[in-house]
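Let me begin by presenting the structure, written as C-alpha coordinates, before commenting on it.
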Amino acid sequence: MTLEDVGALAARHPSRAGMRQLRELLDAAAGPAFTRSPLEETFLAMVRRARLPAPEVNAQFMGREVDFLWRHEGVVVELDGYRFHKSRRNFEEDREDDSGRGRHRVTVIRLTARRLRHDSEAVLVDVAQALARAPARPATGAA
(Lines give C-alpha, C1' and ligand atoms only; values in the text may rest on other atoms or scores of the structure.)
Protein backbone atom coordinates (compact mmCIF):
# COMPACT_ATOMS: atom_id res chain seq x y z
CA MET A 1 0.00 0.00 0.00
CA THR A 2 1.35 3.41 -1.02
CA LEU A 3 0.97 6.78 0.71
CA GLU A 4 -1.57 7.68 -2.00
CA ASP A 5 -3.58 4.56 -1.14
CA VAL A 6 -3.56 5.49 2.54
CA GLY A 7 -4.59 9.05 1.67
CA ALA A 8 -7.49 7.77 -0.44
CA LEU A 9 -8.59 5.52 2.41
CA ALA A 10 -8.50 8.43 4.85
CA ALA A 11 -10.52 10.56 2.41
CA ARG A 12 -13.20 7.87 2.11
CA HIS A 13 -13.58 7.55 5.88
CA PRO A 14 -13.02 11.08 7.26
CA SER A 15 -15.02 10.59 10.46
CA ARG A 16 -13.37 7.41 11.66
CA ALA A 17 -11.27 7.56 14.80
CA GLY A 18 -7.70 8.63 14.16
CA MET A 19 -8.26 9.99 10.64
CA ARG A 20 -7.38 13.58 11.54
CA GLN A 21 -4.04 12.45 12.93
CA LEU A 22 -3.47 10.20 9.92
CA ARG A 23 -4.13 13.11 7.53
CA GLU A 24 -1.67 15.28 9.48
CA LEU A 25 0.99 12.58 9.15
CA LEU A 26 0.31 12.22 5.44
CA ASP A 27 0.49 15.98 4.97
CA ALA A 28 3.83 16.09 6.78
CA ALA A 29 5.14 13.21 4.65
CA ALA A 30 4.20 15.07 1.47
CA GLY A 31 6.82 17.71 2.22
CA PRO A 32 6.66 21.35 1.28
CA ALA A 33 4.49 22.49 -1.59
CA PHE A 34 6.08 24.96 -3.98
CA THR A 35 3.82 27.77 -4.97
CA ARG A 36 4.38 30.21 -7.80
CA SER A 37 2.56 33.27 -6.56
CA PRO A 38 1.47 35.04 -3.40
CA LEU A 39 -2.12 34.14 -4.33
CA GLU A 40 -1.27 30.43 -4.40
CA GLU A 41 0.53 30.79 -1.07
CA THR A 42 -2.53 32.48 0.44
CA PHE A 43 -4.85 29.71 -0.74
CA LEU A 44 -2.52 26.93 0.43
CA ALA A 45 -2.23 28.55 3.88
CA MET A 46 -6.04 28.72 4.07
CA VAL A 47 -6.33 25.01 3.19
CA ARG A 48 -3.80 24.12 5.85
CA ARG A 49 -5.45 26.27 8.54
CA ALA A 50 -8.81 24.67 7.73
CA ARG A 51 -7.16 21.24 8.03
CA LEU A 52 -8.41 20.15 4.64
CA PRO A 53 -6.49 17.35 2.94
CA ALA A 54 -3.30 18.60 1.30
CA PRO A 55 -3.59 19.16 -2.45
CA GLU A 56 -0.94 18.64 -5.08
CA VAL A 57 0.33 22.08 -6.08
CA ASN A 58 1.02 23.05 -9.71
CA ALA A 59 0.36 19.47 -10.74
CA GLN A 60 0.04 17.93 -14.17
CA PHE A 61 -3.48 16.65 -14.77
CA MET A 62 -5.15 15.66 -18.03
CA GLY A 63 -2.32 17.11 -20.09
CA ARG A 64 -2.29 20.54 -18.41
CA GLU A 65 -0.92 22.09 -15.27
CA VAL A 66 -3.47 22.94 -12.59
CA ASP A 67 -2.91 25.16 -9.57
CA PHE A 68 -4.28 22.76 -6.93
CA LEU A 69 -5.35 19.17 -7.34
CA TRP A 70 -6.99 16.63 -5.10
CA ARG A 71 -6.42 13.76 -7.52
CA HIS A 72 -8.32 10.99 -5.71
CA GLU A 73 -11.28 13.26 -5.05
CA GLY A 74 -11.33 14.65 -8.57
CA VAL A 75 -11.22 18.29 -7.45
CA VAL A 76 -9.23 21.06 -9.13
CA VAL A 77 -8.88 24.63 -7.86
CA GLU A 78 -7.65 27.24 -10.31
CA LEU A 79 -6.72 30.71 -9.10
CA ASP A 80 -7.56 33.30 -11.73
CA GLY A 81 -5.48 36.40 -11.23
CA TYR A 82 -6.33 39.18 -13.67
CA ARG A 83 -2.78 39.70 -14.91
CA PHE A 84 -2.52 36.23 -16.45
CA HIS A 85 -6.14 35.70 -17.42
CA LYS A 86 -6.97 39.06 -18.98
CA SER A 87 -6.51 37.92 -22.58
CA ARG A 88 -9.33 36.37 -24.61
CA ARG A 89 -7.07 33.41 -25.50
CA ASN A 90 -6.35 32.53 -21.84
CA PHE A 91 -10.01 32.95 -20.95
CA GLU A 92 -11.12 30.62 -23.77
CA GLU A 93 -8.45 28.01 -23.01
CA ASP A 94 -9.53 27.89 -19.37
CA ARG A 95 -13.14 27.23 -20.36
CA GLU A 96 -12.09 24.48 -22.80
CA ASP A 97 -10.03 22.84 -20.05
CA ASP A 98 -12.97 23.03 -17.64
CA SER A 99 -15.28 21.45 -20.19
CA GLY A 100 -12.91 18.52 -20.76
CA ARG A 101 -12.47 17.96 -17.05
CA GLY A 102 -16.22 18.02 -16.52
CA ARG A 103 -16.62 15.14 -18.96
CA HIS A 104 -14.34 13.13 -16.66
CA ARG A 105 -16.39 13.97 -13.55
CA VAL A 106 -13.79 16.40 -12.23
CA THR A 107 -15.01 19.35 -10.18
CA VAL A 108 -13.29 22.61 -11.13
CA ILE A 109 -13.46 25.57 -8.75
CA ARG A 110 -12.22 28.87 -10.16
CA LEU A 111 -11.32 31.54 -7.66
CA THR A 112 -10.43 35.16 -8.20
CA ALA A 113 -8.01 37.04 -6.01
CA ARG A 114 -10.86 39.25 -4.78
CA ARG A 115 -13.00 36.29 -3.73
CA LEU A 116 -10.06 34.56 -2.07
CA ARG A 117 -9.26 37.63 0.01
CA HIS A 118 -12.77 38.88 0.77
CA ASP A 119 -14.85 35.70 0.94
CA SER A 120 -12.37 33.17 2.31
CA GLU A 121 -14.82 31.30 4.54
CA ALA A 122 -17.21 30.67 1.65
CA VAL A 123 -14.26 29.57 -0.50
CA LEU A 124 -13.26 26.98 2.10
CA VAL A 125 -16.86 25.77 2.36
CA ASP A 126 -16.99 25.34 -1.43
CA VAL A 127 -13.74 23.34 -1.46
CA ALA A 128 -14.72 21.20 1.54
CA GLN A 129 -18.10 20.41 -0.02
CA ALA A 130 -16.48 19.46 -3.32
CA LEU A 131 -14.06 17.15 -1.50
CA ALA A 132 -16.93 15.60 0.46
CA ARG A 133 -18.86 14.88 -2.76
CA ALA A 134 -15.87 13.08 -4.27
CA PRO A 135 -16.61 9.92 -6.22
CA ALA A 136 -15.71 6.62 -4.60
CA ARG A 137 -13.04 5.97 -7.23
CA PRO A 138 -10.09 8.13 -8.21
CA ALA A 139 -10.61 10.61 -11.04
CA THR A 140 -8.99 9.83 -14.35
CA GLY A 141 -6.22 12.00 -15.68
CA ALA A 142 -2.68 10.77 -15.61
CA ALA A 143 0.06 13.15 -14.60
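Restricted to the range 72-89, and to residues that are more than 16 Å from residue 112 (Cα to Cα) and surrounded by fewer than 20 Cβ atoms within 10 Å (Cβ to Cβ), which residue is modelled with the lowest pLDDT? Of everything passing the filter in the range 72-89, 88 is modelled with the lowest pLDDT. Consider the range 1-54 and keep the residues that are at pLDDT 80 or above and among the charged types (D, E, K, R). The one that is farthest from the chain's Cα centre (by Cα) is 16. Please work out which residue is modelled with the lowest pLDDT, limiting yourself to the range 55-71 and to residues that are farther than 14 Å from residue 108 by Cβ and open to solvent by 50 Å² or more (accessible area, probe 1.4 Å). Residue satisfying both the conditions and the ranking: 63.
Taking each residue of the range 3-18 that is open to solvent by less than 60 Å² (accessible area, probe 1.4 Å) and looking for partners that are modelled with pLDDT under 75 and among the charged types (D, E, K, R) with beta-carbon atoms closer than 7 Å, six or more apart or interchain, yields 10/23. So is residue 111 within 15 Å of the chain's Cα centre (by Cα), buried (at least 19 other Cβ atoms within 10 Å of the Cβ), more than 16 Å from residue 39 (Cα to Cα) and modelled with pLDDT of 90 or more or not? Here the answer is no, as residue 111 does not meet what is asked.
The values are calculated or read from the model by the stated rules, or taken from the named source; none is laboratory data. No experiment lies behind these values; they were computed from the predicted model shown. Reconstructed Cβ throughout: ideal geometry from the backbone, glycine too, with neighbour counts over all protein chains shown. Areas reflect the complete protein model, heavy atoms only, side chains present, ligands, DNA and RNA absent. Shrake-Rupley method; radii C 1.70, N 1.55, O 1.52, S 1.80 Å.
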